[in-house]
Each structure stands twice: as structure tokens, then as C-alpha cells.
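Single-structure report; data block below.
The values are calculated or read from the model by the stated rules, or taken from the named source; none is laboratory data. If you're wondering where the values come from, they're calculated on a predicted model, not measured in any experiment. Note that each Cβ is placed from the backbone with ideal geometry, even for glycine, and that neighbours are counted across all protein chains shown. What goes into the accessible areas is simple: the full protein's heavy atoms, side chains included, and nothing from ligands, DNA or RNA. Shrake-Rupley method; radii C 1.70, N 1.55, O 1.52, S 1.80 Å.
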Amino acid sequence: MPVMSYIQAVTQAMREEMQRDEKVFVLGEDVGKKGGVFKATDGLYDEFGEQRVIDTPLAESAIAGVGIGAAMYGMRPIAEMQFADFIMPAVNQIISEASRIRYRSNNDWSCPITIRAPYGGGVHGALYHSQSVEAVFANQPGLKIVMPSNPYDAKGLLKAAIRDEDPVLFFEHKRAYRLLKEEVPEDDYVIPIGKADVKREGDDITVITYGLCVNFALQAAEKLEEEGISTHILDLRTVYPLDQEAIIEAAKKTGKVLLVTEDNKEGSVMSEVSAIISENCLFDLDSPVQRLAGPDVPAMPYAHTMEKFFMVSPDKVEAAMRDLAEF
Amino acid sequence: MEEQFPIIKVMDDEGKLVDPDVQIDSELVKKLYYHMTRIRLFDRKAISLQRQGRIGTYPPYEGQEAAQVGSVMALNGGDWVFPTYRDHGATLTFGADMVRTFLYWNGRAEGCVPPEGKNIFPAAVPIATQIPHAVGTAWAEKRKGTDHVALVYFGDGATSEGDFHEGLNFASVFQTPTVFFNQNNRYAISVPVEKQMHSKTIAQKGLAYDIPSVRVDGNDVLAVYEETQKAVKRARQGEGPTLIEAVTWRTGAHTTADDPTKYRPEAQGESVVHPLDRLERLMKNENLWDEAWINQVQLELENEVEVAVEAMENYPKANPEDLFDHVFETLPEQLDEQKQSYLDLIGRG
């Protein structure tokens, strides 16, 4: 089984889907000859040509909107937003159009578009190349938001997103792109959207998280194991709509829950996870639900010391886990 | 710019041919008259139904019948139509079902469903969002190698939106078979076009994108038909997009919730000759006015509208719990549970 980085798994998923289905195509800024600013579409232009790997004008609303038109026609567009930060001009298209088309047309039309975007900080990307934007979209019924935590999941989830009959936002952590590597099967597999995944079994505390923070939690859990603290880790994988059953089960498992997200704390996806736990797990909890998140400041700072202070890290996760275990 | 983009006319306000030597297709004229009359009857009926509380808020298109009928009649069956909320005159003419169109204005999602094989997108309500869709669909048709075109409607206000410019640019770069059909009805709710833009025309906006653009008298159905036909032909032949500005006039309010006397100068629009009156004058001038046929058409269409209203009103009431249908292809488990809990709340679980 080949070892792949997170970004190679993303590319491989697109390649396989484009080979499988003529209707799948890629559009976005610099996705063609250059292969994307992060190289997510590397090699696709050479393999599939300019008709299927399309360099678009620098216009995010048109990238989404043209993709929506093609999806409603019956194509399978994969639209790339160069950075999640730059998805904002396309919000009207994504929320007002893509997420509502099936509903408002009484199921007569659908919009099977996948919109990929790299998110997240810790890469010295500064204000406009570091943001987490999932919460902006995470209360829009009709949309699905997928955020994989490792290369294996990235491939299987992206393939599922491309095949999904509804619009999917697919956020890839840009720091994970080259940081995370593992064995990824060459064969065709999909991971179901909407299902969370237990990444580690444990009995003392539960960490619920997604994206790159899953890796941080796994690192921290290893260390705490040496101290005799056993950690249960649930990876949400899909942050909208949430897998409520898995969340409730994971919370009840240990009765002590830490929610981790890199996004700003207030109004994050984790606020909703916390509400689900409070609605369902009152008598199973042994401590208040804890949240570790980015601070409620408008943007990721550029200054190195400040960026480090902002970012969730393995050390911070470890400290928060230990505090919870000792509660 | 007005000189560079003169308003193209086939007939004047008196229904006289601008070029007396031009040959008129009498069958076409009758068809245009038929459809314009039909959609006018629908429109007036809808206003009346709204006033009686029998349908919801309604945006009339009176005054724009020539622009809508003339343009949509230039299309073929396999082409694509992207309407806004004020373009159901065009979609009705293209083949949308009249009962469903009434249902739409009575708040029913079923109203968005076009007849099988009719490529009519659900009407866009956010302004200009449908413009990139028409580019995407046209691009897909081009890639597939068909000769189908996509015609997208939008108003004067929409030309201020980013999606208008992004869509035009994209269509220009990829030379998609898209016809951008603007109905400049002079008002975006209460804001006159003179305040919407400093540009003297909308057609000139195509220049920046190297898109052939024309300005046509939107109340002259023959001129609209001819210019749209040319644009459609170019698109079919792989010659790319066209921008058409049809200069017209919104006779009534923005919607039935709006009162234009609050913002329009009193006499404004009084001199505008209604497109149907113009066509009537032309038909009389050209000896195409057959009183018996006219009366027959009138009766037939009034009856069609009445029957459609009755069918709309007898349509089964919406089942409240259908509210949860079609959020996704398959209902997520928790949404199903939510549905159950809402039903429990009203004692129907």
C-alpha cells in the first residue's frame, strides 16, 4: 500500500473519480497547468486536458455559480476555492442557490457540486490565508460540510462528496497537506458522509474534534496514556449535518468531554456539539463540557509569536485533556 | 453611447413599419399576438387574485409582454431558460404549465417544476444569481457538442451585481452559447435606472467583455424577436454570447406590496404605448386584424385562465409535514427525529 500525504490523497481521489466518470471536472483559479497553488490538482491537466481541468477567471462567485449551472445540467463539478478565506464572494451562490435548489424545486432539480477549499492556520498564512469558515455555512440545511483529518479519510470522503447528489463543501486543512502521511489503499473506496468515526478507544475522557485537531488529540492521548489517562477520540468527519448519535455515544462513554476546534470559539461547530450533549447526556456527565478553540478575535495573526498563541496545538490539547481528567 | 447603441425598431408607436419594404410573417404575428394576450390575461388575473387574498404577493410584468414573448419565441424546445421572478410570461410561452405557475404564486414548490423535457430553471429571486448558472449550463452544452443555447433574463438593477459581471466575463472567456437578455424596465423597485448607473445604456457594458451587444425597443415584439433570433443563431453556430438590452417599461408596481406613486413622477410612462396596442395597430395597418379570430382567441384564453385558476384552487392543500422533504436526497436520521418531535408538539405524532 503506498504512503500518501494528505494532499496526494486529495489529488488521487479526484483523479480516480475523473477516470471513473466523464462528467466529473475541475474548475478554479490556477488549477490547470500550475496544478493549484498547493498542487492539489497536480497532473490532472496533463491527464484530462483543459476541457476538464479549467482555469477560471479570478471570480469566486462565478466559479461556484458556473459550477452550479453545470451541476444542475447533470455534470459533476469540483470547484476549487483557492483559500477558504476567499469563499466569501461565493456565499450567495452556495447558500442562496446550491443549498436550496432541491428543496425549492420540490426535488425536481438537484445540485451535485463539490466545493473544495484549504482552510486553517499555523502555516504563517496571516489574516487572509488561515481562516476556518465552516461555521459560516454550518446552519444551512441542504449543504453538507466535510472536513477530513487524515489522508485515508481525505480520499474516501472526497470520493463520496463527488458522488453525492447534494452540494458538499470539502474543507482541507492546509497544514495537514504535507504534514500528515500514511498508507492509503490504491483501490476504490468511499467513506460515508454524515458519519463520525472513533479514532481511539478510551475510558477516562472523551475528545470530540475534526480536521487537523484530531491529529493533535491523538498525539496528546499517547502522552497521557503514559500517565494512565485513557482517552476516547471521536472525529466528526462531517461537521454539518452532525452525527448526533455518535456524539451522544462518545459523550456517555466517559462522561467527561472536551471539544476542540481551531475556529473562533463563540458560535463554532462545537457550540452545537455542546448543545447536543447537554440535551441528551445530563445524567451521564461527570464534568462540565469543555471547549478548546481559537480565541474570538477577527483573524489569525501574522506575527509568529501571536500566531502560535492563537493556534490550537498538541500541547494545548494535552493540557486541556489533563485538566479535564483531573476534574 | 446612445448613438453607438441605437434602439432597434421594426415598428413605430403607431404600428407602422420602420422599413416599409420589410416582409411580415403573418403567422408569426398571430402567434406573437396570441401569446402576448395570453400572458397579459394571466398577469391581470393574478393581480386580481392577489387583491382577493387568493394567492400571495405577486410581481406583475404588464408592459413587458413584448420583451418576454419576443425573446422566448426565438428559442427551440431543447434550449434553456433562466427566469427571474418577473419572467413567468416568458416561461408560460416557452411551455411552463399555467396551473403550476399559479401554484407557484400561491406558495407551492410544485410550481417550480417544469413539464418533462422543458429546460426551465426555477425562478431566481436573489438578484443576478441565475446569470452564472446560465453560463455553466451553456458551457456544459458546448462541451457536449450540442447546439443548444441558454437564455437568461435579468433586470436593470441586476447589472449592478457582481454576478452579472462575473457571468459576462466567464461567458466571454469561454465563448459559451449564452444569450444575456436584459429587460431594462427602468426601475429596480423604486430606484430609476438613471440612479442605478451613470452609463447611458446597459448594452455598452458588453463592450468591456467584447461581447456583441444590441439595444432593442423592448415594446416592439418583432424587433425583440428578430434580435434574439440573431443572438441565438450566433450562439448555436459557436460564435459565443450576446448581450441584449430590451428597453421597456414596467407599467405597474414592483409587486402587489409596492406603491409606485410614492416614487414615480406623476406623468411618467404615460406616453409609453403598450406593446399589445402597438401590435394591434400594426396588425390593423397590415390587414391582419381579423375581428372574429381576435374574439375567438380572447374567449379561448379567458377560459384557459379560468380553468387554470380553478385547478390551482382545487389543488390538494400542502401537507405540513412535507416541510421536511427534499432537504437532501435522503433525509438524515436526526432530521427525521426532528420531524417526529414537531409532530408530537402538535399532537400528531
**OP:** Would you kindly identify the helices (runs of 4 or more DSSP H) lying entirely within segment A:124-195 that contain at least 1 residues that are within 14 Å of chain B (Cβ to nearest Cβ), open to solvent by 10 Å² or more (accessible area, probe 1.4 Å) and out of contact with any Cys (no Cβ under 7 Å at 6 or more places or on another chain)?
**Re:** A:151-163
**OP:** Kindly provide the set of residues from segment A:257-288 that are surrounded by 24 or more Cβ atoms within 10 Å (Cβ to Cβ) and outside any helix (DSSP H, G or I), ordered by number.
**Re:** A:Val257, A:Leu258, A:Leu259, A:Val260, A:Thr261, A:Glu262, A:Asp263
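Each row is one residue, and each column tells you yes or no for (1) in contact (Cβ under 8 Å) with a residue 60 or more places away in the chain; (2) part of a helix (DSSP H, G or I); (3) open to solvent by less than 60 Å² (accessible area, probe 1.4 Å).
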{"position": "B:Ser271", "(1), (2), (3)": "no, no, no"}
{"position": "B:Leu276", "(1), (2), (3)": "yes, yes, yes"}
{"position": "B:Leu279", "(1), (2), (3)": "yes, yes, yes"}
{"position": "B:Asn287", "(1), (2), (3)": "no, no, no"}
{"position": "B:Ala292", "(1), (2), (3)": "no, yes, no"}
{"position": "B:Val307", "(1), (2), (3)": "no, yes, no"}
{"position": "B:Met312", "(1), (2), (3)": "yes, yes, yes"}
{"position": "B:Lys317", "(1), (2), (3)": "no, no, no"}
Original post:
How about segment B:159-269: which strands (runs of 3 or more DSSP E) wholly inside it have at least 3 residues that are open to solvent by 10 Å² or more (accessible area, probe 1.4 Å) and assigned by TED's automatic domain parsing to the domain that holds B:Ala74?
Top reply: B:213-217
Subject >> Counted residues, segment A:45-94 - those being buried (at least 18 other Cβ atoms within 10 Å of the Cβ), at the interface with another protein chain (Cβ under 7 Å from one of its Cβ atoms) and farther than 16 Å from B:Pro132 by Cα >> reply: 0
Original post:
within 24 Å of the chain's Cα centre (by Cα) and either part of a loop (DSSP other than H, G, I, E, B) or not aromatic (Phe, Trp, Tyr) (or both), is that true of A:Lys223?
Top reply: no
**OP:** Restricting attention to helices (runs of 4 or more DSSP H) lying wholly within segment B:1-120, give those where 1 or more residues are out of contact with any helix residue (DSSP H, G or I) (no Cβ under 7 Å at 6 or more places or on another chain) and over 28 Å from A:Glu97 (Cβ atoms).
**Re:** B:26-51
Original post:
Restricted to segment B:302-349, and to residues that are among the β-branched types (Val, Ile, Thr) and either more than 14 Å from every other protein chain (Cβ to nearest Cβ) or farther than 20 Å from A:Ser110 by Cα (or both), which residue is nearest to the chain's Cα centre (by Cα)?
Top reply: B:Val305
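Take the conditions part of a helix (DSSP H, G or I) and either of a type in the set (Val, Ile, Thr) or touching a strand residue (DSSP E or B) at 6+ places or on another chain (Cβ under 7 Å) (or both) and apply them to A:Ile229. Does it pass? Give the steps one after another, and end with the answer.
Values: part of a helix (DSSP H, G or I): no; either of a type in the set (Val, Ile, Thr) or touching a strand residue (DSSP E or B) at 6+ places or on another chain (Cβ under 7 Å) (or both): yes.
Spelling it out, it is not the case that A:Ile229 is part of a helix (DSSP H, G or I) and either of a type in the set (Val, Ile, Thr) or touching a strand residue (DSSP E or B) at 6+ places or on another chain (Cβ under 7 Å) (or both).
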Subject >> Top-ranked residue in segment B:104-154 [being among the polar types (S, T, N, Q) and surrounded by fewer than 24 Cβ atoms within 10 Å (Cβ to Cβ); ranked as farthest from the other protein chains (Cβ to nearest Cβ)] >> reply: B:Asn106
